[in-house]
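Report on the following structure.
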Amino acid sequence: MSESATTVHQGRCLCGAIHFAAAGEPMMTGFCYCESCRRLSGAGHAFHALWPEAAVTLSGAARDFAWQADSGATVTTSFCPTCGSPLFGRSSGMPGMLTLRVANLDEPEAVTPQMAVYAKRRLCWDSLDPNLPAFDEMPPMPAQP
């Protein structure tokens, strides 16, 4: 791959009404076991990848739902108003950043988890790779661009 070539991760919602593309590699990836992510995913955890918002393009109109996280930050999740797929999120604690749901990528196996957060809230039946760094809560965030 040439230096000018940039990896682009593409994805979509279940019905295809919303498509997105994220340029480059994510700044951070991880499983989240918090109650909000469990409820939004309908599973024991969600798998997120963090990109600068400027690196993500979106086609289609998403709908938003906001709530206050444990940290006090306002978290907004965006989902498809047609099929309900949760697609991405923003946090007032990390302006300019966007978390994409890895499961919605066209090639989700191209992204690997780097950590697990809110591991203390993991349900007993949801396995956690013992080789993956796990944090009881949210670790310090990477420096923002």
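The values are calculated or read from the model by the stated rules, or taken from the named source; none is laboratory data. Not measured: the values here are computed from a predicted model. Cβ placement follows ideal geometry from the backbone for every residue including glycine, while neighbour counts extend to all protein chains displayed. Only protein heavy atoms, including side chains, enter the accessible area calculation; ligands, DNA and RNA are left aside. Shrake-Rupley method; radii C 1.70, N 1.55, O 1.52, S 1.80 Å.
Please calculate how many Å² of accessible area the chain carries per residue, with a 1.4 Å probe and no DNA, RNA or ligand atoms counted.
Dividing the accessible area of the chain by its residue count gives 57 Å².
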Considering the Cα trace of the stretch 1-53, what is its radius of gyration and what is Dmax, both in angstroms?
13.9, 42
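Roughly how many percent of the accessible protein surface of the stretch 2-145 is carbon and sulfur, given a 1.4 Å probe and a whole-percent answer?
With neighbouring chains kept in place, the figure for the stretch 2-145 is 53 percent.
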From the convex hull of the Cα coordinates of the chain, what is the mean projected area in square nanometres?
9.2
Quick check on the chain: of the DSSP beta bridges with both residues there, what percent are antiparallel, nearest 5%?
90
Cα Rg over Rh - the stretch 88-145, Kirkwood:
0.98
Note, Cys34: beta-carbon cut-off 15 Å, +1 each Lys/Arg, -1 each Asp/Glu, net +1
Dipole of the chain, Cα-centred, from +1 at each Lys and Arg C-beta and -1 at each Asp and Glu C-beta, to the nearest 20 debye?
440
